[in-house]
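First the structure, in the form of structure tokens, and then the observations on it.
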Amino acid sequence: DDEVLSSLRKCWNQIVIDAEEGEKKSTTIIETAGGVLSPSSSSPLNHQTNHSLSSSGSRSGMPNSTPKWKWSTQADLYSSLQIPVVFVGDPKLGGISVTLASLEALWSRGYHVDAVVFIEAAKTNSENDREGDIHFGEGNTEALREYIAMKSLRTGKKLIAQDSIVCLPELPPMPIPLNEWYESNEGSFLALHDLLWKRWNSRLLRQPSIS
């Protein structure tokens, strides 16, 4: 974990230096793979089913064995960096539960979740499947806005701004390139980026350097 974080900090600091020298406004995105509790990239035993080993190499859970975990979750790995999160929600039927569970996992580790983006799920082509006419992504977006408003009112904490919970149209089917999709949604991307940029700048004034 230390090696991964050290490498990330070096890259991050170099990006900051380059941006300052060029006097350019720069946004750096750290994209992770899988869920927030998926094994991180530092996990040396991701390809094996037995992650937890005792100090002697035997399986954990056996008598007199001391578990020695060989992996960490992505949420745990990056928590010390105090980086803000743009979370990609699950747009499918039942996806609101996955989305809320992920957000709660992030909040419990001290993350600032500044935006949630849903990308509408592709509709089914089955004539007998009436769910094909339902936009679950839009439904999950509205459900999350209602949940955030209720939770913020109950806890007295500002969690995620309503205008930072958005739903984008579904992606074109493979192998159609994404160029037109990006261009058609450029306004949504820019509007969200401007909101986040103001929020990030405001927070950076109150936080120490990560170096």
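Every read-out reported here was derived from the displayed coordinates using simple, explicitly stated rules and does not represent laboratory data. Because the structure is a prediction, the values reported are computed rather than measured. Positions of Cβ are generated from backbone atoms using ideal geometry, with glycine treated the same way; all protein chains shown enter the neighbour counts.
Data overview
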item	result
Approximate spin-label separation residue 108-residue 17, in nm, with each point projected 7 Å along Cα-to-Cβ	4.0
Separation in nanometres of the label points that stand 7 Å from Cα toward Cβ, at residue 182 and residue 101	3.3
At R0 = 41 Å, FRET efficiency that the Cβ-Cβ distance of residue 155 and residue 122 yields, to 0.05	0.70
Protection proxy ranking, peptides 137-145, 92-100, average beta carbon neighbours within 10 Å, highest first	137-145, 92-100
Net charge, residue 76 excluded, C-beta distance under 11 Å - Lys, Arg +1, Asp, Glu -1	0
Amide H contacts under 5 Å for residue 120, placed H, 5+ residues apart	168, 170
Local electrostatic count, residue 186, Cβ distance below 13 Å [Lys/Arg +1, Asp/Glu -1]	-3
Per DSSP, loop trypsin sites (Lys or Arg not before Pro) in the range 151-204 with at most 13 further Cβ within 10 Å	157, 158
